[in-house]
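Taking it in order: structure first as structure tokens, then the write-up.
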Amino acid sequence: MAKNKSKLIIFTVILLAFAVLSYFIGMRAPKQYPDFVSGSPAPMGTKAIYTYLDNERGSVDRWTHSPNLLDTSKDNQLLVMVEPFSIPNSEKTGQYREFMEQGNTILLLKTVPDGMFDVKTLPVEQEEEEAVTVTDKNGEEKSTYTPAPIRIETTTADEVLISDEEGAVAVQRPVGDGSLIVAIAPEWMTNSTILEKDHLPLVLSLFNEADPETILFDEYIHGGGSASSVVTLYPQWFLILIIQGALLILLWLWHQGKRFGPIETAREEYVRFSDERIKALAAWYIRGKRFADSLNIQADYVKLLLQEKWGIAYSREWTDSTEGLGRKWKTATEKEITSFVNGLTAVLNKEKMTKQEYLLWSKKLDRLRKEVEEG
């Protein structure tokens, strides 16, 4: 026994050492961020432009809730959507559209915006990541990279903000009292390329086009909802300790000889309460409304128990058993015993009885049976 305890202690120390090492190794590992998230300092994050706007304007915030909670009572707000992870369903699209109709603007930067707000694109012949010269709406030329060989299919209501020889790169489309700005170059916003070519002036021109009082970066489209998972709620060291503690408890239970498996039902209980013949017989009595026969059998069985447990002769009639019952039946008064014996004798002498009578006297006999069996 002492040897087993020493082994358990050694194993516990090893587990604790592993937990401590896992914590420190996890602390040194670089944190992983999703792409295009405004809080990400990674190359594909957009923290640089977010910080710049926050310092310059002071009215920038992150939006992490469902679009139905957007404040439509205010106007001149700009909601920035950078490369959504998925296309919103029709209900959420309608909520975003209502936000724009109330005098606000959505700036959508997505490589392939087809499927969002009825935007369509056209394919063009262009090599990937080819440097091109674009022109803004004032006719000034800028140098940039376009991410994909497509251009926006414009409508008569669209105002082209940025374009090149192949077509529109960014357009503004009226929606109610507000507008939708679409650009097919979300990479312009990333930390790694914001300062390359003329990306920063082009991005700022899109923000200036809306000239908003408030700027919101939509993180709900990146899965940044208000509901947090267990992993984000608790620190890593705490989660590691919880896992290690659970392992230690399982090992301790195993060491103590506990076994996990199905509960074995005692054979006598199984045989007694699962006899199909008894169930079939009971069903036959109920369907045939043979309540009198069933109650007589139940009363006969109780009389056998009275003889076996309390010494009251089976041959005695119920009316002759009052004295014996009075000595043994402690939970009933003499008056209750007399009433029970007389009532039972009367109902047993009936050739037919109602279901209500049967249920009433069956419960009374069952109560007496339980007291006899319990001693």
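Laboratory data are not the source of any read-out in this text; all were calculated from the coordinates shown. Because the structure is predicted, anything quoted here is derived from the model rather than measured. Cβ sites come from the backbone with ideal geometry, for glycine too, and all protein chains shown count toward neighbours.
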Could you tell me how far the Cα centroid of the range 290-333 sits from the Cα centroid of the range 97-119, in Å?
85
Using the Cβ atoms and a cut-off under 13 Å, what net charge is assigned to the surroundings of residue 92, where Lys and Arg are +1 and Asp and Glu are -1?
-2
Rounded to two decimals, the Rg over Rh value of the range 69-201 from Cα coordinates and the Kirkwood Rh reads 0.97
Given a cut-off of 21 Å, name the pairs among 47/197; 92/120; 120/197 whose C-alpha atoms lie farther apart than that in the structure shown.
120/197
Taking neighbour Cβ counts within 10 Å as the exposure measure, how do 96, 301 sort from fewest upward?
301, 96
Per residue and in Å³, how big is the convex hull formed by the alpha-carbon atoms of the range 74-140?
134
Counting only residues 5 or more places away or on other chains, whose amide H sits under 5 Å from the amide H of residue 80 once H atoms are built in the peptide plane?
107, 216, 217, 218
Please arrange 254, 188 by counting, for each residue, the other beta carbons lying within 10 Å of its beta carbon, fewest first.
254, 188
Sort 113-122, 178-187, 46-55 by packing, meaning the average of other beta carbons within 10 Å per residue, with the highest value first.
178-187, 46-55, 113-122
